[in-house]
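Each remark here refers to the structure printed beneath this line.
Where a number appears in this text, it was derived from the coordinates with a stated rule and is not lab data. Bear in mind that the values here come from a model prediction, so they are computed numbers and not experimental data. All Cβ positions, glycine included, derive from the backbone under ideal geometry; neighbour counts span all protein chains shown.
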Amino acid sequence: MSADNPNPLRMPFVIGLGELLWDCFPAGRLPGGAPANVAFHVQQLGIPAAVATSVGTDPLGDELVAFLTAKGLRTDLVQRDPVHPTGTVTATPRPDGHTDYVFLEDCAWDHLRLADESRVAFTKANAIVFGTLAQRSAGNRKLYHGELHLRSDCLTVYDINLRPPFYEAAWIWQSIEMARVVKMNDDEARILAEMMSVSSASPEEVARRLLDRYSKLDLVCITRGGKGAIGVTRQETVEIPGVSVKVVDTVGAGDAFTAALIAFRLYEWPLETTLHYANRIGALVASRPGAMPDLRDEIAALKAEPRWIPFR
């Protein structure tokens, strides 16, 4: 059991901090939002999770809370905003496998608050995952950069998840400064390489630069779609190949990878095994519609494999 979960009799607890919204596809809408997706998949892996977010008091908000409840996630950290609407994003898959997004602005999750009971939950969380999109509001940035700096004993995971035009370099650097694990995709790695004026945009070089710059940072993971993923620590670099899968849409695949990364990091799995299974779980999501497909049967099959290390 890792230092992040010092009591071997207590299951770890994970919080996804940020947006919860409706992904509106051409064929209909499905629950989404990167931190919420991560919490959902952490829960599917067998670790209790909650989403710290805000939705409106409208019917769309009611449906999202009911969905989380039905899936077994804690909803006591979901605020209800009587002024701002529940978030939505129009998600349009492209033939190249990527997705175009148009986000509703000034919605409930742009106005996060932490009540006293939420702060208690934050002090007990073993891992907190956050991203960049919800930092588009100044109030949220103040909350993030205040609360997360206080959690030196927590596995803080920054899933960069850039959604133009809702990011600035300053937000990214401040977020990495708070993180012990940073995860990004290869497009985001190229953006960071340009920001750092790195002549070589290789994933390993970007990761090494970040590890050199930020002393709190332990691990940088970069997903590369069909080319697999790479993980870099100060001691090792591990690269794994991609998983062949018929892609339905890529929405949430990276978030499922992040969820697995968090779960396996909490239980101190070797990096190569961590990346192997995180990549497979991400590929499973890419083969299903929406960001939160039910993968309980598939995960049960993975857990039966000899290579899987039981959670203890």
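Details
- In whole angstrom, the range 14-300 maps to an equivalent ellipsoid with semi-axes of 26, 22, 19, each derived as √(5λ) from the alpha carbon gyration tensor and ordered largest first.
- Here, the range 258-300 is characterised by an Rg to Rh ratio of 0.99, where Rg is the alpha-carbon radius of gyration and Rh the Kirkwood radius.
- When each of 227/303; 124/246; 124/303; 216/246; 183/303; 142/227 is checked by Cα-Cα distance, pairs over 32 Å: 124/246; 216/246; 142/227
- Between 85, 93, 35, the Gaussian network model of the chain with springs among Cα atoms under 10 angstrom shows the greatest mean-square fluctuation at 93.
- When you restrict to C-alpha pairs under 8 Å that are six or more residues apart and normalise by the size of the chain, the relative contact order lands at 17 percent.
- Pair residue 11, residue 111: separation of 7 Å Cα→Cβ label points (nm): 3.5
- The range 150-247 shape via C-alpha gyration tensor axes, a/c threshold 1.5: rounded
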